[in-house]
Amino acid sequence: MTQNLFVSIGSSDRPEARRAGQEAAQQAAAGLAGPARLALVFGSSWFHQEQLLQGVRAVAREVPLIGGSTAGEILPEGPVSHTCVVILMASDSLRCGIGAGRDVHLQPREAGHQAALSAAQELRDASRTGFLLIGDGLSTGYGQVTRGIQDVLGTSAVIAGGMAGDDLRFTKTYQYCNGQVLERAVVGALFGGVTWGVGIAHGFAPISKPRCATRAAANVLYELDTLPAAAVYEDYFGPVAARRLREEGLTRSGSAYPLGIRSESADYWLLRNVLALQADGSLLCSGEIPEGASLQLMIGSKQLAMDAAAAAARQAVEPMEHPAFALLLESASRLKLLGREQAAMEIARIRQVIGRDVPIAGCYTYGEQAPLAAGTSGAMAVQTGSVLVLVFGGS
Amino acid sequence: MSNRIVMVLIAGVTIATLMTLGSAGDPYAPVMMGIILSCLGYLAVKSQSGTRNAQDLRRLQAAYEQLDQQAKLIIRTDLDLHRTQEELDRRLASLMALHDLAQQLRVGRRTEEVFAKLDARLVSVFGFSKGLLGMCPTPGALRWGSFVGISSQEAEALRADIIAGPLLRDVLEHPRPQTLSAAMTPDPAHQRLLKALGVPTAVVAGIVPQGGMPGCLILGRTGAGLAAARADEELVAILANQLATAIENSALFDETWTARQELERNVQERTRELGEANAKLVRFNNAKNDFVSAVSHELRAPLAAIKGYAALMARGQFGPLNPQQAERLAKIEKHSDALAQLINDVLDIARIESGRTPMASDFIRVEEFLAVLHELIQPQLAAKHLRYEVDRDGVTQLRGDAQQLQRAFVNLLSNAIKYTPDRGTIRVGLRREGTDIVASVSDTGCGIATEELPRLFQEFFRSNAAINQQVRGTGLGLALTKRIIEAHHGQITVSSVEGHGSTFTLRLPAPPTGEAPRPAARDRRGGQAGPERGP
């Protein structure tokens, strides 16, 4: 027998954090018929985070809760900022286990393992749909985090999620787990009793000639075609712009020109943002770079980004019979690329694909995690510059 | 693959050549030679083709490099476009935020409220990550009105550092926004500020209104560089000016508010004082009335005795009177009557003022009312051959105390008769004006001097008209009439042209239509109420 999933969304942009959290949760609760089984919370990093969560918990007291700070929030009408979004889910069949792992910047694999283990212990032996991951957007070891989760859930587990942001300030992001506000952590919800459809795409295209990662370790790229990687990368921007990029820090501008790793089994480029040009001439990247991989500099365009959003939505909704809710986790760099007006059009296009009556909400992130085409390892699937569409349905 | 073929061919040519050399005269030698030549020819062609392929490859590589160079150009152009677009978007958003802020600040706000206006949205739209807006209530003092992106402890530490150093004074003396950069500034105060804020660049601006509390604005940027911060100085200057203007308005608002409060306090104070004075006057007046009533009562008894004894004597009760005695007794009686009238009037005025004579609220038939009046004054009219005209203009009813109103009208008519020469005309008019009945009593008499008009209704006032020198009066008739009309919630006014006559106008509330009127009073006392204009 089909079990329906009910989802209600609330939002508030009141400047007082507690009131914003409370108002958003009240709105969401008012739209939900049954008792909530899970709360997803996305809050602007400008809010006082503890007060924000207190406001939410004042309404959704005992409801399992995960979430994180953002680089902007997404509502059905389009992108917003300085807002708290609360998503409440209710279903007779929905089961959730919540978990958190700390110190993701120091011990990413252990953090992933801990989060997955706690969640799995809570869910016990219920059927597992997938693991929704929200992590610190300023940490880079998500390949290891994924491995840590797979250590618990197995390599076939579907892991999807996004990395918390801080409104492009790149100083501190926050993760929410029940009543706690965490930093440098990963939190996750292991779902059972619902169905998922996952779609991810980015819309960046290669522009440079392919170059070989002749020396790389984890997420540090030392050499490209045996030349210092930073010099090769900077050469594409010219000396003046490169100096400015160094001055401003690459976290802001580097996301517009990521490195693309061509997937061996599919016509797909995994994206890696360049986070910093290091003193030893290496590049610090947002994800792992396999040594010997063929890399190309990528460039985005608004049209490609819009097309990619529609493709991700199609990919996510295709296996779903009755989509009940679409969670949108989208790279902050895409918001920069599109601008607010076109970002709203992009969301409208996603809704067109999924169905205009399907509730949709989410946030802008510093990284996206989703399984790619068959043959792509989970560790490789953490990327940036992408739009992740996660469609939920009843069991 | 082709290299392998070439190697085989070279080996084959070498072997064939050696075999040919070793087997001269052999019948297969020409064949071998042919093979050798063919191979050599093939090698020659292949060599040429290889050279061409190498050239093609070099050309391809060059084109590939060219494309990569073009990619660099595209990326640089794209980066510039991105930056320009981003900057335009940010500036547009900043201007919108400034506009919104201006709208909010248009409403009169207190100075503290203006300094509390810095919020996360404003700071982030301007492209900054941290911000503080402080006010200086006294020179050298600083209090944060609002701050964003830093904790209370950090803000307090920053405040202590700023007031300890020269930064605040500098900012207030030179309020124009200035960019501080950790990489560029040698000033230790600036370095400390940036360190405390935890940012590489910041923009600091003074807020110096023409009137009101000065302050300072500090905005810190975490990520972007010096160039971006400098570009923002202009926008920050607009923001600081907007805040300064709002503070000026706020100061004016405060001043106006304080003045208004002061004025309201003064008005309340004066009203209270006037109330007290009025209450005191009322108390005095009541005391006066009580005194007058008491004295009048005390005078009445001996006066009655005087009159009584005089009457007895006049009737010869105590023996016959000679003519001189009779004449004196008649004077005693006449003056006793005048004194009694005076006492009655004084008592009536006192009673009406103190509310001890309640006015009835009856419906009075105008026709009967006027008839009674006419009957009362007819002898006086006849004595002076005066013409008496009445115009009631369809008014059929009055409402009030018939006896007291009759008294008032008799007073007015008696005055009119008194001051109108023989064969003159007295007119009584009645008309309805809205919710009022307006009655008038006019004469063609000597009129009243303009300077006397304001005092006409005062007690004991008598005009200087020649006739008053001949006729005695109490000076209470008009005062009593005014009290009666006012006790009916009416008004009495007078207009006069000296030598042509006077008109007294009474305005009384009209009775509602449709109620049965009451017969007019037949009490003659009204006719005896001292028909005097003045004493």
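The values are calculated or read from the model by the stated rules, or taken from the named source; none is laboratory data. Just so it is clear, the structure is predicted and the values come from calculations on it, not from any experiment. Ideal geometry is used to build each Cβ from the backbone, glycine not excepted, and the neighbour counts take in all protein chains shown.
Couple of notes before you dig in:
- Filter pass, A:Arg356 being of a type in the set (D, E, K, R) and at pLDDT below 90: no
- Selection status of B:Arg351, among the basic types (Lys, Arg), without any contact (Cβ under 8 Å) to a residue 40 or more places away in the chain, closer than 22 Å to B:Leu478 by Cβ and not assigned by TED's automatic domain parsing to the domain that holds B:Arg431: no
For (1) under 25 Å from B:Leu476 (Cα atoms); (2) modelled with pLDDT under 90; (3) not hydrophobic (A, V, I, L, M, F, W, C), each residue gets a yes or a no:
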position: B:Glu389; (1), (2), (3): no, no, yes
position: B:Asn411; (1), (2), (3): yes, no, yes
position: B:Tyr419; (1), (2), (3): yes, yes, yes
position: B:Arg423; (1), (2), (3): no, no, yes
position: B:Gly429; (1), (2), (3): yes, no, yes
position: B:Val441; (1), (2), (3): yes, no, no
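- Residues of region A:67-102 satisfying the condition of being in a strand (DSSP E or B) and farther than 24 Å from A:Leu190 by Cβ: A:Glu73, A:Leu75, A:Gly78, A:Pro79, A:Val80, A:Cys84
- Any hit, region B:459-481, residues being assigned by TED's automatic domain parsing to the domain that holds B:Ala371, more than 22 Å from B:Ala340 (Cβ to Cβ), modelled with pLDDT of 85 or more and surrounded by fewer than 21 Cβ atoms within 10 Å (Cβ to Cβ): no
- Considering only residues in region A:329-349 that are outside any helix (DSSP H, G or I) and at pLDDT 95 or above, the one that is farthest from the other protein chains (Cβ to nearest Cβ) turns out to be A:Leu329.
- One residue stands out among those in region B:155-183 that are of a type in the set (D, E, K, R) and touching a Leu at 6+ places or on another chain (Cβ under 8 Å): the one that is surrounded by the fewest Cβ atoms within 10 Å (Cβ to Cβ), which is B:Asp161.
- Checking each residue in region A:18-45 for being within 14 Å of chain B (Cβ to nearest Cβ) and buried (at least 24 other Cβ atoms within 10 Å of the Cβ) picks out A:Ala20, A:Gly43, A:Ser44, A:Ser45.
- Extreme residue, surrounded by the fewest Cβ atoms within 10 Å (Cβ to Cβ), among residues of region A:46-79 that are of a type in the set (Val, Ile, Thr) and under 17 Å from the mean Cα position of the chain (by Cα): A:Ile66
- For the condition surrounded by 14 or more Cβ atoms within 10 Å (Cβ to Cβ), within 9 Å of another protein chain (Cβ to nearest Cβ) and at pLDDT 85 or above, B:Arg83 does not qualify.
- Entirely in region A:217-328, the strands (runs of 3 or more DSSP E) that have 3 or more residues that are away from every other protein chain (no Cβ under 14 Å) and in contact with an Asp or Glu (Cβ under 8 Å, 6 or more places away or on another chain): none
- Of all residues in region B:30-48, those that are surrounded by 14 or more Cβ atoms within 10 Å (Cβ to Cβ) have Cβ atoms under 7 Å from Cβ atoms of residues that are of a type in the set (Gly, Ala, Ser), 6 or more apart or on another chain, in B:Met32/B:Ala16; B:Ile35/B:Ala16; B:Ile36/B:Ala16; B:Cys39/B:Gly12.
- Unmet criterion (only one of (1) out of contact with any Leu (no Cβ under 8 Å at 6 or more places or on another chain); (2) on the phi > 0 side of the Ramachandran plot; (3) not basic (Lys, Arg)) for B:Gly140: (1)
- Residues that are surrounded by fewer than 23 Cβ atoms within 10 Å (Cβ to Cβ), touching a residue at least 12 places away in the same chain (Cβ under 8 Å) and under 30 Å from A:Gly193 (Cβ atoms) are absent from region A:80-87 altogether.
- Matching residues in region B:392-426 - criterion: being hydroxyl-bearing (Ser, Thr, Tyr), buried (at least 18 other Cβ atoms within 10 Å of the Cβ) and touching an Asp or Glu at 6+ places or on another chain (Cβ under 7 Å): B:Tyr419, B:Thr420
- Boolean, B:Ala141 is out of contact with any helix residue (DSSP H, G or I) (no Cβ under 6 Å at 6 or more places or on another chain), hydrophobic (A, V, I, L, M, F, W, C) and without any contact (Cβ under 8 Å) to a residue 24 or more places away in the chain: yes
- Residues satisfying the stated conditions in region A:235-257, i.e. touching a helix residue (DSSP H, G or I) at 6+ places or on another chain (Cβ under 8 Å), within 27 Å of A:Pro371 (Cα to Cα) and in contact (Cβ under 8 Å) with a residue 40 or more places away in the chain: A:Ser255, A:Ala256, A:Tyr257
- If the condition is being within 20 Å of B:Ala244 (Cβ to Cβ) and touching a Phe, Trp or Tyr at 6+ places or on another chain (Cβ under 7 Å), then region B:153-176 contributes no residue at all.
Here's the yes/no breakdown for (1) touching a helix residue (DSSP H, G or I) at 6+ places or on another chain (Cβ under 9 Å); (2) of a type in the set (Asp, Glu); (3) modelled with pLDDT of 85 or more:
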{"residue": "B:Ile247", "(1), (2), (3)": "yes, no, yes"}
{"residue": "B:Glu262", "(1), (2), (3)": "no, yes, yes"}
{"residue": "B:Asn266", "(1), (2), (3)": "no, no, yes"}
{"residue": "B:Arg270", "(1), (2), (3)": "no, no, yes"}
{"residue": "B:Phe284", "(1), (2), (3)": "no, no, yes"}
{"residue": "B:Val292", "(1), (2), (3)": "yes, no, no"}
{"residue": "B:Val295", "(1), (2), (3)": "yes, no, no"}
{"residue": "B:Arg300", "(1), (2), (3)": "yes, no, no"}
{"residue": "B:Ile306", "(1), (2), (3)": "yes, no, yes"}
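Quick grid of which residues meet (1) touching a His at 6+ places or on another chain (Cβ under 9 Å); (2) surrounded by fewer than 18 Cβ atoms within 10 Å (Cβ to Cβ):
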site: A:Trp269; (1), (2): yes, no
site: A:Leu283; (1), (2): no, no
site: A:Glu291; (1), (2): no, yes
site: A:Leu297; (1), (2): no, no
site: A:Ala311; (1), (2): no, no
site: A:Arg314; (1), (2): no, yes
site: A:His322; (1), (2): no, yes
site: A:Phe325; (1), (2): no, no
site: A:Ala361; (1), (2): no, no
